[in-house]
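The values are calculated or read from the model by the stated rules, or taken from the named source; none is laboratory data. Since the structure is predicted, the reported quantities are computational estimates derived from the model, not experimental observations. Every residue, glycine among them, receives a Cβ derived from its backbone with ideal geometry; neighbour counts consider all protein chains shown. The accessibility values were calculated without ligands, DNA or RNA, using every heavy atom of the protein model including side chains. Shrake-Rupley method; radii C 1.70, N 1.55, O 1.52, S 1.80 Å.
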Amino acid sequence: MTLAAADTANLFLSLAALAGLFILKSVICARDPWAPLNRRFLMGLRVMMMLFAGRVLLVVTGLDVFRFFILLGATLIPLSVLLLAEGLLRRHAPSWAKIWVAGGTVVFAILSLWWSNSIDPPRLIGLLIFQLSGFFIGAWLVLTRDRTSLSVAENQTAERLALSLVLLVPLATADFLMLYLHLPAQISSLGVLFLCWLAVSLGRTQVRHRAPLVSFLTIVIGAGLSGLVVAQIASLDKDATILTLAVILAAVLVAVLFIEAQTLRAEEQSQTLLRHLADDRS
């Protein structure tokens, strides 16, 4: 496998993540972009979009200056998670959690101004620890929430977003450790697409957790088998096989996300029309 092939795959995966985030953003904005919780959610989406846009620009231009956007985006993720968790659960995080996240955000935001890799891997290891701690604080807040103080929809949202961390956390960790794990590509984009999948499915309140998980597992199996067949036909090595699997899965997820978003929009328009007809006494 050549370096150009790895760069092409990373570029495609980053663009796929951007497409998934844009689809989710359009779904939220179509409802109410100014709602307090939606604003916090949109902030997190924009942070991730900045990160993946930095990756795209880095691959396309080869300029290290765009690593600043990648590092800053990774730095702001724990803050976004904490703000979203507080808004979703309608309660403040403990003081120690706020101090930890705020202090880490300031430290690593300053370090992101040094976009060359001369202070890595110590900076990347520290950023990984900080990012994981932000995810775990958010998950802890969700798991210890007062379920009786939230509505059924709010509890479902909290559970669905916490569920996305099961895949997002290890894939994000793999990005930081890709050199040590000998991975040919940054695969966190697949975790982001899974997050988008679960978030879009929240719009369909009648859908339980099992339905999107079964659908996602079916897509993974189908894309995996397709990738393995292609790899076998083309006699690809291990790295090329991993890239092929990741690219196929990302492409399928973006396509299904788009279809899911369009279906959700059609259902909402249909429900709105039915409500107007029901309210129209004439």
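Kindly establish whether Ala102 is among the aliphatic types (A, V, I, L, M) and surrounded by 15 or more Cβ atoms within 10 Å (Cβ to Cβ).
no
It is to be established whether one or more residues within region 68-87 are assigned to a helix (DSSP H, G or I), in contact with a Gly (Cβ under 6 Å, 6 or more places away or on another chain) and open to solvent by 40 Å² or more (accessible area, probe 1.4 Å).
yes
Which residues, counting only those in region 115-128, are touching a Lys or Arg at 6+ places or on another chain (Cβ under 8 Å) and either loosely packed, with under 11 Cβ neighbours inside 10 Å or without any contact (Cβ under 8 Å) to a residue 40 or more places away in the chain (or both)?
Hit for region 115-128 is Ser116, nothing else.
Touching a residue at least 40 places away in the same chain (Cβ under 8 Å), polar (S, T, N, Q) and assigned to a helix (DSSP H, G or I): which single residue out of Ser226, Ser189 fits that description?
Working: Ser226 fails: touching a residue at least 40 places away in the same chain (Cβ under 8 Å).
After applying the criteria, what remains is Ser189.
Right, Ala199: under 13 Å from the mean Cα position of the chain (by Cα), under 24 Å from Arg31 (Cα atoms), assigned to a helix (DSSP H, G or I) and at pLDDT below 90 or not?
yes
Just to be sure before I move on: is Leu58 under 23 Å from Ala153 (Cα atoms), open to solvent by less than 60 Å² (accessible area, probe 1.4 Å) and at pLDDT below 95 in the structure I sent?
No.
Name the pairs: first residue in region 87-106 and closer than 15 Å to Thr75 by Cα, second residue open to solvent by 30 Å² or more (accessible area, probe 1.4 Å), Cβ to Cβ under 7 Å, at least 6 apart or on different chains?
Taking only residues 6 or more apart or on different chains, the pairs are Val101/Leu79; Thr105/Leu76; Thr105/Leu79.
Looking at (1) assigned to a loop (DSSP other than H, G, I, E, B); (2) within 22 Å of Gly87 (Cβ to Cβ); (3) not polar (S, T, N, Q), find the lone condition where Gly138 falls short.
Every listed condition holds for Gly138 apart from (1).
When only residues in region 147-181 that are outside any helix (DSSP H, G or I) and touching a residue at least 24 places away in the same chain (Cβ under 8 Å) count, which is farthest from Thr75 (Cα to Cα)?
Leu150
Check off (1) open to solvent by less than 30 Å² (accessible area, probe 1.4 Å); (2) in contact (Cβ under 8 Å) with a residue 40 or more places away in the chain; (3) farther than 24 Å from His92 by Cβ; (4) of a type outside the set (Ser, Thr, Tyr) for Phe12 and give me the number that stays unchecked.
For Phe12, the failing item is (1).
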